[in-house]
Amino acid sequence: MPAGLAAAVARLENAIGRRPGSAKRGAPSAGACYPYEVLVAPLGVPVCGVVDLQQRKVVIRSAERAHWDGDAFAYFLIGRPWLSMRKYGRRGYFYHLLDAGHALLNLSLAAADSAPGFRLETQITELAAEHASARAGAVLAAGVIDRTTTAAPGWMLQETVDTRMPLSDVESLITELLPPAPQPVRLHRLETPEAGELAGGLASRRSASALAGMPDADGLGEVLGRIEEYRHRLVPAFGMPVPQIKVFSRHPGIGGELPSTKWLAEAVLGQSDLLNASTFVAIHAQVRDKGLVALSSEAQRTIMAGGVTGEIGYLVCALSGVDMTGVGGYDPAMWARLCDTEDDVLFVLAIGQELPGEKADVTSTGGNHIQ
């Protein structure tokens, strides 16, 4: 692989790819579906390659090999909702937008705009849109990077006649039912003290399968305060509305009182591993134009903002040594009533638990979200 491309891909891997020596990825995903893929393109040339973060390779057309020796590249986050929908059904479309929000924050922290003067040419963006359409998806975000990072060993460049992959019959059929693509997010490097701090949590971020870390009241209050502050400072950088958060805790004096275990069991769809969590954070916003036929671009970006906010929570908790996980299955109407809001509850985070358990959204389809 050319040195410039290898260094650029290393930055993408640091943000959303696999951890060194581990199969774990840097960004969370409902059910570990990862319903997106990444395209990369040399600036100034209308060619693109597919970044395979799982097998650690970049697939390009053999006829275009001579164009890949540069130092600056565009990249595109391509949403592929079918990868979630095949497990979660209609709800999977919602999940793929949340997952994209996680990735957007990480990319802006570790893989965006490291040098001045970078821009996305129209030919490249049109090529990415054509590729996304052929893959039953849409361009959700775009950014530019250069080779300011040391190249990661072990990556391969795979040359092929055609980078397009055939879709299954079911995936081809489902594309006719999907909403129009949202307006893509233009990713920029977040140059703030809060962003610099969160970038330090990328290497240790995880979705805890057993929430053993039970914070004390002072530590929990500090974590929640940082999540509250950072969402106000960082989410607007993506051109998205800032979701609200509401906290419910077993710690006196922190947020609202958590209802009974019986209520909680129903609200998280019987996921017993979450019933002893110390604290829950509900992320909510008014999702406009969410009819049964199609979600508007604004509605889709609002859902992605929920994912960005959730990822802020993940990274703050990682830096603080507090166990946290996103709740994959929950009843939004129950949580909305608890929050005393008419907003849509986009995401629920669980923090700190005494008893171990397995995440239901990974081990089975029983963690489905009611939508």
### Query
Restricting to the range 176-196, what's the tally of residues that are surrounded by fewer than 17 Cβ atoms within 10 Å (Cβ to Cβ), modelled with pLDDT of 85 or more and not in a loop (DSSP other than H, G, I, E, B)?
3
### Query
Can you name the number of the only condition in (1) touching a Lys or Arg at 6+ places or on another chain (Cβ under 6 Å); (2) on the phi > 0 side of the Ramachandran plot that ALA136 fails?
(1)
### Summary
Counting only residues that are more than 30 Å from ARG301 (Cα to Cα), among the charged types (D, E, K, R), within 28 Å of the chain's Cα centre (by Cα) and open to solvent by 60 Å² or more (accessible area, probe 1.4 Å), the range 248-284 contains a total of 0
### Query
Do any residues in the range 296-307 that are touching a residue at least 60 places away in the same chain (Cβ under 8 Å) and more than 13 Å from TYR93 (Cα to Cα) have Cβ atoms under 8 Å from those of residues that are hydroxyl-bearing (Ser, Thr, Tyr) and open to solvent by 30 Å² or more (accessible area, probe 1.4 Å), where the two are at least six apart or on different chains, and which pairs are they?
none
### Task
Give the residues of the range 127-144 that are in a helix (DSSP H, G or I) and out of contact with any Pro (no Cβ under 8 Å at 6 or more places or on another chain), sorted by residue number.
ALA128, ALA129, GLU130, HIS131, ALA132, SER133, ALA134
### Message
Let me spell it out: the conditions are (1) among the hydrophobic types (A, V, I, L, M, F, W, C); (2) surrounded by fewer than 24 Cβ atoms within 10 Å (Cβ to Cβ); (3) modelled with pLDDT of 90 or more, and VAL322 meets all of them except one. Which number is the exception?
### Response
(3)
### Query
Before we move on, is VAL308 among the β-branched types (Val, Ile, Thr), out of contact with any strand residue (DSSP E or B) (no Cβ under 7 Å at 6 or more places or on another chain) and either open to solvent by less than 20 Å² (accessible area, probe 1.4 Å) or closer than 12 Å to LEU98 by Cα (or both)?
yes
### Message
Condition first: surrounded by fewer than 22 Cβ atoms within 10 Å (Cβ to Cβ) and either among the polar types (S, T, N, Q) or at pLDDT below 90 (or both). Now tell me which residues in the range 325-366 satisfy that.
### Response
THR341, GLU354, LEU355, PRO356, GLY357, GLU358, VAL362, THR363, SER364, THR365, GLY366
### Task
Would you point out the residue of the range 133-164, among those that are free of Cβ contacts under 8 Å to residues at least 40 places away in the same chain and open to solvent by 80 Å² or more (accessible area, probe 1.4 Å), that is nearest to the chain's Cα centre (by Cα)?
SER133
### Task
Could you identify the single residue in ALA237, ALA305, ALA299 that is assigned to a helix (DSSP H, G or I), modelled with pLDDT of 90 or more and in contact with an Asp or Glu (Cβ under 6 Å, 6 or more places away or on another chain)?
ALA299
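The values are calculated or read from the model by the stated rules, or taken from the named source; none is laboratory data. Bear in mind the structure is a predicted one, so any value in this text is a computation, not a measurement. Here Cβ is always computed from backbone atoms with ideal geometry, including for glycine, and neighbour counts include all displayed protein chains. Only protein heavy atoms, including side chains, enter the accessible area calculation; ligands, DNA and RNA are left aside. Shrake-Rupley method; radii C 1.70, N 1.55, O 1.52, S 1.80 Å.
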